[in-house]
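S.K.: Encoded as C-alpha cells, here's the structure I'll be asking about.
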Amino acid sequence: MAKLIYSAIASLDGYVADEDGKFDWAAPGEEVHSFINDLERPVGTYLYGRRMYEVMAVWETLVDDAPAMRDFAQIWRAADKVVYSRTLEGVSSARTRLERDFDPEAIRQLKSAAARDIGVGGSELAGQAIRAGLVDEIQLFLTPILVGGGTPALPDDVRVKLELLDERRFADGVVYLHYRAGY
C-alpha cells in the first residue's frame, strides 16, 4: 500500500505563507532543494488544491540551469496530479485530472491501488486529509524566519500523535523533521 505524505516548507512559527500570501522566504537553496528532490522521487501522484496547483504548475514548462531545479521539474512532470477545486475550469499540465470534491474513500482506494507513494500539497487539502486519518507521514522543512501570521502549515482542530522518524539540519539554518502519524 502506498503512503500518503504531506510535505511543506514553513516558517519557524508554522506558516506556509505570510499574511499577504507571500512565501518567497520559503524558496529552498540548492542543498535543501536537492534533498527535497530525493524525498520526492518515490512519489507517483500528487494531490493538490487549486492554489497549490497554480503555484506548482510552473514546473510543467520551467527551464532552469540549476541542477536541482531541472531535476525537480523532471520529477514533477513524470508524476500524475489530481487537483481538487470547485472553481478551476481546467488544468494546464499533462498527467493531471480535475476533481470537484475531496473524497476520503477515493483516497483510501488510491492508496491501496498505487504502486508508488502519494504526496499531498497545500495546507488546506493536507488538513482535510489529516482530519480524515489519511496522512501517513509529515515532512516539515522549518525555515529560520518568523512571519507572524498567515496560512498555517498544519490544521488547528485535530490531534494526532506523531513519531519522529528523521531530522536534519542544513547549512542555511533550515531544519527537516519527518514524522509518522499515529491515528
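S.K.: Being out of contact with any Pro (no Cβ under 8 Å at 6 or more places or on another chain), more than 23 Å from Trp25 (Cα to Cα) and either open to solvent by 70 Å² or more (accessible area, probe 1.4 Å) or part of a loop (DSSP other than H, G, I, E, B) (or both) narrows it down to one of Val135, Val147, so name that one.
M.R.: On the way: Val147 fails: more than 23 Å from Trp25 (Cα to Cα).
Within the list Val135, Val147, the selection yields Val135.
S.K.: Could you please let me know if Asp166 is open to solvent by 30 Å² or more (accessible area, probe 1.4 Å), outside any strand (DSSP E or B) and on the phi < 0 side of the Ramachandran plot? Spell out how you get there, then give the answer.
M.R.: Values: open to solvent by 30 Å² or more (accessible area, probe 1.4 Å): yes; outside any strand (DSSP E or B): no; on the phi < 0 side of the Ramachandran plot: yes.
No; evaluated as a whole, the condition is false for this residue.
S.K.: Restricting attention to region 78-97, report how many residues are under 21 Å from Gln139 (Cα atoms) and either in a loop (DSSP other than H, G, I, E, B) or at pLDDT below 95 (or both).
M.R.: Adding up the residues that qualify gives 1.
This table checks each residue for (1) of a type in the set (A, V, I, L, M, F, W, C); (2) open to solvent by less than 20 Å² (accessible area, probe 1.4 Å); (3) modelled with pLDDT of 95 or more; (4) within 25 Å of Met1 (Cα to Cα).
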position	(1), (2), (3), (4)
Gly119	no, yes, yes, yes
Ala126	yes, yes, yes, yes
Ile130	yes, yes, yes, yes
Asp156	no, no, no, no
Lys161	no, no, yes, yes
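S.K.: Can I ask one more? If we keep just the residues of region 4-15 that are open to solvent by less than 30 Å² (accessible area, probe 1.4 Å) and not in a loop (DSSP other than H, G, I, E, B), which is nearest to Leu146 (Cα to Cα)?
M.R.: Only one residue tops the list, namely Ser11.
The values are calculated or read from the model by the stated rules, or taken from the named source; none is laboratory data. What you see is a predicted model; the values in this text were computed from it and never measured. Virtual Cβ from ideal backbone geometry, glycine too; neighbours counted across all protein chains shown. Ligands, DNA and RNA are excluded from the accessible area calculation, which covers all protein heavy atoms including side chains. Shrake-Rupley method; radii C 1.70, N 1.55, O 1.52, S 1.80 Å.
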